[in-house]
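First the structure, in the form of structure tokens, and then the observations on it.
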Amino acid sequence: MKIKKLFILICFISFICTSWRFATKGFRPHKIFNLRNLKDSYKDIKPPEKIDKILNQKYKYLNKGSQLYVFASEDKKYVIKFISSNKYKEPFRRNILSLLPINFKNYRKTKKINRERNLKNAINSYLISYNYLKKETGTIYIHLKNRKIFKKKLTIIDNVGSSYNININSKFFIIQKKAEKLKPKILKIIKDKNKEELKKIVLDYFNLSFSIVKKGFINKDSSIKNIGYIDEELIEMDLGRFVKIKSPNFYENLKKYTFLNKKFFEKNSPDIIKFFEKNLKNYENKIY
């Protein structure tokens, strides 16, 4: 009987913990990546003059990605993105496995190397967005140095309304202009059968893609779900997969860049594909 009660208690506690984690989307302040854990050294980035104005407001939980927790400012003009430490630290379960009489040393070493490489690649991508693609991504600032430059703590509110005051001097974060997601807008335009508006978005999309590829970069995860708009201007919202282009063939790079979104239009608006391909063809003879 005692075992049954204990089992029920464990199940109840597990249910509460799982429900809470689902409600908070897994966010906890201690899960924000601390710059003390950053092994590589990066050049310091000077905050913009308006940084105090940007940070002197509350930020509310917006969403999360595979690498980041995203919070939106009260004035709805900015987002602050915190790197998740969970992505780049050894899972607790692996520490438990290390207690077993099995040699996990090589496995753990390989996983550690992969995590460090992935973090380095992500940071390099963020730096590309800041150094070369500010206009195309809306990137304003990246905090990569553990130094005391922000006097006030930042107030953030999680998905269930809990408020936290965070000392961001030691935290890895990115500030970006807040954009609205493009995908719902496109789907509405397709539903309303507004072909002229859809053509305009296709042209704007090629202008954005052309600008990025022309500068010698490509986003390996460029898709409609990661593109947003501010007023009428499109930007890449996801900053984690930018790489330097290796091939000098401009047209082939543009085809790769736009491939996923061509599939999106083929599925949702087949009538626009000829217009899409025609605009892609216009760039065939372009050179860097």
FRET efficiency estimate (nearest 0.05) - Cβ-Cβ, N121 to K43, R0 22 angstrom: 0.80
Eigenvalues of the alpha-carbon gyration tensor of segment 180-286, times 5 and square-rooted, give semi-axes in Å, largest first, of 22, 16, 11
Normalised per residue, the volume of the convex hull around the Cα set of segment 27-177 (Å³): 122 Å³
What distance in nm lies between label points placed 7 Å from Cα along the C-beta direction at I149 and Q57? 2.1 nm
Provide the gained length on full extension for the span E74 to R28, in nm with one decimal, where the gain is 0.36 nm per separating residue minus the Cα-Cα distance. 14.5 nm
So, with +1 on the Cβ of K and R and -1 on the Cβ of D and E, and no other charges, what is the size of the charge dipole of segment 27-177 about its Cα centre, to the nearest 20 debye? 400 debye
Would you mind checking the pairs K60/K109; K134/K185; K152/K185; K81/K151 and listing those with alpha carbons more than 31 angstrom apart? K60/K109; K152/K185
Note the full-extension length gain between K185 and K134 as 0.36 nm times their separation in residues minus their Cα-Cα distance, in nm to one decimal. 16.0 nm
Work out the length of the dipole vector of segment 147-205 about its Cα centre, built from +1 on the beta-carbon of each Lys and Arg and -1 on the beta-carbon of each Asp and Glu, and round it to the nearest 20 debye. 260 debye
The simple spin-label model distance between K246 and I157, using points 7 Å out along Cα→Cβ, in nm, is 4.7 nm
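Any read-out appearing in this document is the output of simple, stated calculations on the displayed coordinates, not a laboratory observation. None of these values were measured; they are calculated from a predicted model. As a convention, Cβ positions derive from the backbone with ideal geometry for all residues, glycine included, and neighbour counts pool all protein chains shown.
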